[in-house]
Amino acid sequence: MPDEIKTLSSQLAQDPDSLLFLRLGELLRQKGQLDAAHRVALTGLERHPHLPDAHDLYARILADKRDYERAFDEWDMALRIAPDHVGALKGLAFLYFKVGDVQQAAAHLEAAQRVAPDDPGVAQALAMARGGGPGGGSAEAGAGGSAAAEPEPIAPAAQPLEEARVFAGLEGAQEGLLLLDASGRVLGGALKDPSGRDVTDAVAAYLAGVSQEAARTVKLLGLGRWTGLAAEGSLGHVHLAPPTGEALLLVVRDRAVPMGRLAIIAQRAALAARRWLEGGAHA
């Protein structure tokens, strides 16, 4: 492999517009040289912005680096260019599976299986998705890494958050994110309506007790532990999640943000909120 990497690097240097960057980037990714793979893929993507395989390669590298939001965007772009792109379908299924949206994961895998019925990775991942909730992800069917027995965190461990700001450092830190306790008391974040008027307290009042009601409902239905609830609106999307059993997180984003990416943003914010709550910063 090192000799092939050296040869491909030399050939690509002589012909920068060559599609050899796809093979070179993949070899570097497999070797674990993610920074080098990232540079090769990004340079190739800049030269071939309408090539779905370029977006697929870049997404797989981003997923290996655990930059799941950008990976989602790249696989989504690959599908916009080529709706039957198997790699992108598998990649999005991998991400949906990681955030616990098994239904969407299965739908993408079924679409991939229609295009590539003999792909063993798709069949294996689809069987896993149909068999139950998230218990890890097959990277052969998804982002291309090794399979895991348990789902990995959506975001790598972050530095300790500033106590005064629950969502410090996160996208939309103090707007579009709202953390409440069981009684509806605002612990962090803020919300505004489309006209810019602060509606934090009003929304908090409406959401008081929602987490307990959701937990009670899924228990009565025998659905297990609730992990999230998403809704689409005419002007935007919302996602509810319980960072802990006594708290509720609301994430609001514009309709331009895909629901899958919204789930990833919510998972990341929930992780930050859980660290903050468990650290006692809200006391």
Legend entry - Summed residue charge, Cβ within 11 Å of residue 80's Cβ, Lys/Arg positive, Asp/Glu negative: -3
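Could you grab the relative contact order for region 2-130? Cα pairs under 8 Å, six or more apart, rounded to a whole percent. Mind showing how you got there, number by number?
On the way: 151 pairs, mean separation 18.2, N = 129.
Relative contact order, region 2-130: 14 percent.
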Inset, instruction - Between residue 17 and residue 225, with labels modelled 7 Å along Cα→Cβ, what's the label distance in nm to one decimal, could you check? - result: 5.5 nm
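Based on the mean of other Cβ atoms within 10 Å per residue, sort peptides 231-242, 88-99, 248-259, 69-80 so the most packed one is first. It would help to have the intermediate numbers written out before the result.
Details: 231-242: 15.5, 88-99: 28.2, 248-259: 18.7, 69-80: 21.5.
Packing proxy ranking, top to bottom: 88-99, 69-80, 248-259, 231-242.
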Inset, instruction - Run down the lysines and flag those whose C-alpha is under 25 Å from the C-alpha of residue 219, throwing out any fewer than 8 positions away in its chain. - result: 98
Inset, instruction - Take each of the peptides 59-67, 195-203, average the number of other beta-carbon atoms within 10 Å over its residues, and list them starting from the highest. - result: 59-67, 195-203
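Taking the Cβ of residue 89 as the center, what net charge do the other residues with Cβ under 12 Å away carry, scoring Lys and Arg +1 and Asp and Glu -1?
Working: positive: 90, 114; negative: 56, 76, 84, 110, 119.
Computed value for this residue: -3.
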Inset, instruction - Could you tally the net charge around residue 48, taking each other residue with its Cβ under 14 Å from the Cβ of residue 48, Lys/Arg +1 and Asp/Glu -1? - result: -4
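Explain nothing, just the number: relative contact order of region 177-278, from Cα pairs under 8 Å at least 6 residues apart, as a whole percent.
Details: 156 pairs, mean separation 24.0, N = 102.
Value for region 177-278: 24 percent.
Please work out the Kirkwood hydrodynamic radius for region 177-278, using every pair of different C-alpha atoms, and report it in angstroms with one decimal place. Display every interim value, and only then the final one.
On the way: mean 1/r = 0.0720 Å⁻¹.
Kirkwood radius, region 177-278: 13.9 Å.
Any read-out appearing in this document is the output of simple, stated calculations on the displayed coordinates, not a laboratory observation. Predicted, not measured: the structure shown is a model, and the values here were computed from it. Glycine gets a Cβ as well: all are built from the backbone with ideal geometry, and neighbour counts include every protein chain shown.
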